[in-house]
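Below you'll find the structure, written out as structure tokens, and then a few comments.
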Amino acid sequence: MKNTALHPNDGKLALAHIAVGYIALFLGAIAGLLQAFVRSGTLELPAGIGYYQLLTAHGVLLALVFTTFFIIGFLYASMSRTTGDLTPFAKKAGWIGFWLMTIGTAITTVMILLNKATVLYTFYAPLKASPWFYIGLTLVVVGSWVSGAGMFSQYAVWKKKNEGKPSPLLSFMAVATMILWIIATLGVAVTVLFQFIPWSFGLVDKINVLLSRTLFWYFGHPLVYFWLLPAYMCWYVIIPKIIGGKIFSDSLARLAFVLFVLFSIPVGFHHQILESGITPFWKFLQIVLTFMVIVPSLMTAFALFATFEISGREKGASGLFGWVKKLPWTDVRFFAPFMGMLVFIPGGAGGIINASNQMNQVVHNTLWVTGHFHLTVATTVALTFFGISYWLVPHLTGRTLTPRLNKLGIIQTVFWCIGMFLMSGAMHTVGLFGAPRRTAYTTYGDHPQALEWMSYQTIMAVGGAILFVAILMILYIIINLAVAAPKGTEEFPVGEVHEDAEKTPLLLENWKIWIGLSVVLIVIAYTVPVIDIIENAPSSPGFKFW
Ligand code: HEM
Ligand SMILES: [Cu+2]
């Protein structure tokens, strides 16, 4: 493994992805800020902009574009760092993928801005957007597949040169993440290519709504693990190095990733608990599989705290919690992802509530759900991605993270946590009182219950404003790290495995077994209900309500 900076060409590829990701973050956050103000009744949108138009832009730009671009950039950088300079094929695939994704994003964004695709980021049928919206999304997905192919070939070349050795942990994790992504996106590709595109072009009149939603959620749940796994890469491999410790166990980390690949896909029905037309047995089965994901999640929590404690004790900490003081609290490369980890505790607990049949009835389609994913993706994942950017961007541009920018990063993290505590806390609470998500400002004819929600929606707006300040801060820091910070070398931290850890069994690297098992689970969980849906679910013409 080389320790110097990445090959400049590999660095450019990663940087290009990260740049598009941050542009999407900025645009999406503007929409988010406006939404929070509209919902509280403080703002009326000018120029005929619709609330749902903004909400579509927010969901697409943040949940789909910011995440996917950042992740692919980070994964490419990780591959180059741990398996050596990218092969010409991997590099070419990376650039073709980048341009396909960027063109797709541009088409999709323009359609949303033209108000021709106000269908929210879940694009539920029978809402019908311009075909170009779906074509843009298809290009994003196909582009990501091409990038995936580049990473797989890079990995295969390394394996061939290093027969019998386990691959570098970070590359193994990048490959696992892309395998999960490709299996998952097959579902959304099928529905978009065979259902939405022909239907939105008018080639067919009707669409099987339940089938399209089922295929969407076949993708939509693993999507959240596609966001999380790169954050876990940082937690498992990068944080140990930053805190001056070692990776607790290489095998445990790999096993956790394999389990995520297995259990995060055949579980989409937990987003459809209240959907009619799916027999309770199949919902039950998929919810049982959903809860299996708790196993690798708790393994991760265990391994991380073990790393923190062992490293603290090796530095001389004593007592039950003495190691806490040994953590580098003033280093933003540690602090931001660590706060992300902490927020994942209530975030994960909320997820268990959402996935539980009875409790889901209480929170379904309320602002509680929105509160939940602003903790998980918009805080745990986002803060970890910021934490990665603080060293990755200067590493790629040949600059350094200065003490001033480091300090600003700490303040940014604190702002984010305070803003999110207010916004997400108010969303969770008012959701329990029944306030619906995805709803513009309304008092429902001054209904007393709806009036009760208003003070919470005001707190949401205050939190949203603080978050937006934090967005401006992170952009200021990133731009500085990219073009203005002093020249120098910033480390790409990669942890080493603790001497006491067990040797890694090569079985964990046998992708044929894991992909095979994943397919078996998917076939068991989906075949019968999907045949039932194809045969019996009614079809609907399209609607345009905006
Ligand atoms: C400046 C920071 C942010 C603010 C002020 C904000 C605000 C909001 C608000 C008010 C809503 C709810 C709208 C409704 O249901 O009526 C919302 C929805 C959403 N937000 Fe954010 N948000 C922010 C950052 C993020 C980030 C960083 C992500 C993801 C990485 C994200 C992902 C989402 C998603 C996926 C939705 C759901 C969209 C839908 O229901 O179709 N948000 N946001
Ligand atoms: Cu889910």
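Identify all residues within the range 252-290 that are over 12 Å from Trp217 (Cβ atoms), among the aliphatic types (A, V, I, L, M) and within 24 Å of the chain's Cα centre (by Cα); write none if there are none. Leu252, Ala253, Leu255, Ala256, Val258, Leu259, Val261, Leu262, Ile287, Val288, Leu289 - these are the residues of the range 252-290 that are over 12 Å from Trp217 (Cβ atoms), among the aliphatic types (A, V, I, L, M) and within 24 Å of the chain's Cα centre (by Cα). In this structure, is Thr191 free of Cβ contacts under 8 Å to residues at least 60 places away in the same chain, over 17 Å from Glu509 (Cα atoms) and out of contact with any Lys or Arg (no Cβ under 6 Å at 6 or more places or on another chain)? Here the answer is yes, as Thr191 does meet what is asked.
Considering every residue within the range 326-345, establish whether at least one is at pLDDT below 90, aromatic (Phe, Trp, Tyr) and not in a helix (DSSP H, G or I). Within the range 326-345, none of the residues are at pLDDT below 90, aromatic (Phe, Trp, Tyr) and not in a helix (DSSP H, G or I). The residues of the range 332-372 that are in contact with a Gly (Cβ under 9 Å, 6 or more places away or on another chain) and within 24 Å of Gly409 (Cβ to Cβ), listed by number, are Val332, Arg333, Phe334, Phe335, Ala336, Pro337, Phe338, Met339, Gly340.
Yes/no per residue for (1) away from ligand 2 (no atom under 16 Å from the Cβ); (2) over 25 Å from Val192 (Cα atoms); (3) touching a His at 6+ places or on another chain (Cβ under 6 Å):
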{"residue": "Gly11", "(1), (2), (3)": "yes, yes, no"}
{"residue": "Leu54", "(1), (2), (3)": "yes, no, no"}
{"residue": "Ile72", "(1), (2), (3)": "yes, no, yes"}
{"residue": "Ala77", "(1), (2), (3)": "yes, yes, no"}
{"residue": "Thr87", "(1), (2), (3)": "yes, yes, no"}
{"residue": "Ile96", "(1), (2), (3)": "yes, no, no"}
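Remark: pairs (first residue in the range 478-504, within 15 Å of Val237 (Cα to Cα); second residue surrounded by fewer than 16 Cβ atoms within 10 Å (Cβ to Cβ); Cβ separation under 7 Å; 6+ apart in sequence or on different chains) = Val494/Met1. Every condition in (1) in contact with a Pro (Cβ under 7 Å, 6 or more places away or on another chain); (2) at pLDDT below 95; (3) hydrophobic (A, V, I, L, M, F, W, C) holds for Ile238 except the one numbered (2).
Out of curiosity, is Leu342 under 17 Å from Ala470 (Cβ atoms) and surrounded by fewer than 23 Cβ atoms within 10 Å (Cβ to Cβ)? For Leu342, the condition - under 17 Å from Ala470 (Cβ atoms) and surrounded by fewer than 23 Cβ atoms within 10 Å (Cβ to Cβ) - is met.
Given the structure, is Glu499 open to solvent by 60 Å² or more (accessible area, probe 1.4 Å), within 30 Å of His221 (Cα to Cα) and out of contact with any Ser or Thr (no Cβ under 7 Å at 6 or more places or on another chain)? Here the answer is no, as Glu499 does not meet what is asked. Restricted to the range 303-316, and to residues there that are open to solvent by 20 Å² or more (accessible area, probe 1.4 Å) and touching a residue at least 24 places away in the same chain (Cβ under 8 Å), the residue that is nearest to Val175 (Cα to Cα) is Ile310. Checking each residue in the range 288-302 for being among the aliphatic types (A, V, I, L, M) and open to solvent by 20 Å² or more (accessible area, probe 1.4 Å) picks out Val288, Leu289, Met292, Ile294, Val295, Leu298, Met299, Ala301. Scanning the range 105-125 for residues that are within 17 Å of Trp199 (Cα to Cα) and hydroxyl-bearing (Ser, Thr, Tyr) returns Thr118, Thr122, Tyr124.
When the residues of the range 426-458 are narrowed to those that are within 22 Å of Ile353 (Cβ to Cβ) and among the hydrophobic types (A, V, I, L, M, F, W, C), which ends up farthest from ligand 2 (Cβ to nearest atom)? Filtering the range 426-458 for residues that are within 22 Å of Ile353 (Cβ to Cβ) and among the hydrophobic types (A, V, I, L, M, F, W, C), the one farthest from ligand 2 (Cβ to nearest atom) comes out as Trp453. Does any residue of the range 430-451 turn out to be open to solvent by 20 Å² or more (accessible area, probe 1.4 Å) and within 18 Å of Val343 (Cβ to Cβ)? No, the conditions are met nowhere in the range 430-451. On inspection, Leu472 qualifies as part of a helix (DSSP H, G or I), within 11 Å of ligand 1 (Cβ to nearest atom) and either farther than 26 Å from Leu170 by Cβ or open to solvent by 30 Å² or more (accessible area, probe 1.4 Å) (or both). Checked against (1) among the aliphatic types (A, V, I, L, M); (2) open to solvent by less than 20 Å² (accessible area, probe 1.4 Å); (3) closer than 17 Å to Gly220 by Cβ, Val141 passes all but condition (2). Filtering the range 82-109 to residues that are open to solvent by 10 Å² or more (accessible area, probe 1.4 Å) and closer than 23 Å to Arg438 by Cβ leaves Thr105, Thr109.
In the range 38-58, the residue that is least open to solvent (accessible area, probe 1.4 Å) out of those that are of a type in the set (Ser, Thr, Tyr) and part of a loop (DSSP other than H, G, I, E, B) is Ser40. Taking first residues from the range 236-263 that are at positive phi and open to solvent by 10 Å² or more (accessible area, probe 1.4 Å) and partners that are assigned to a helix (DSSP H, G or I) and of a type in the set (Gly, Ala, Ser), the Cβ contacts under 8 Å between residues at least 6 apart in sequence or on separate chains come to Gly244/Ser311. Selection of the range 397-417 for residues being assigned to a helix (DSSP H, G or I), at pLDDT 95 or above and buried (at least 16 other Cβ atoms within 10 Å of the Cβ) yields Leu405, Asn406, Leu408, Gly409, Ile410, Gln412, Thr413, Phe415, Trp416, Cys417.
The values are calculated or read from the model by the stated rules, or taken from the named source; none is laboratory data. Note that the structure is a prediction, hence the values are computed from the model and not measured. As a convention, Cβ positions derive from the backbone with ideal geometry for all residues, glycine included, and neighbour counts pool all protein chains shown. Side chains are part of the model used for accessible areas, which takes the heavy atoms of the whole protein and leaves out ligands, DNA and RNA. Shrake-Rupley method; radii C 1.70, N 1.55, O 1.52, S 1.80 Å.
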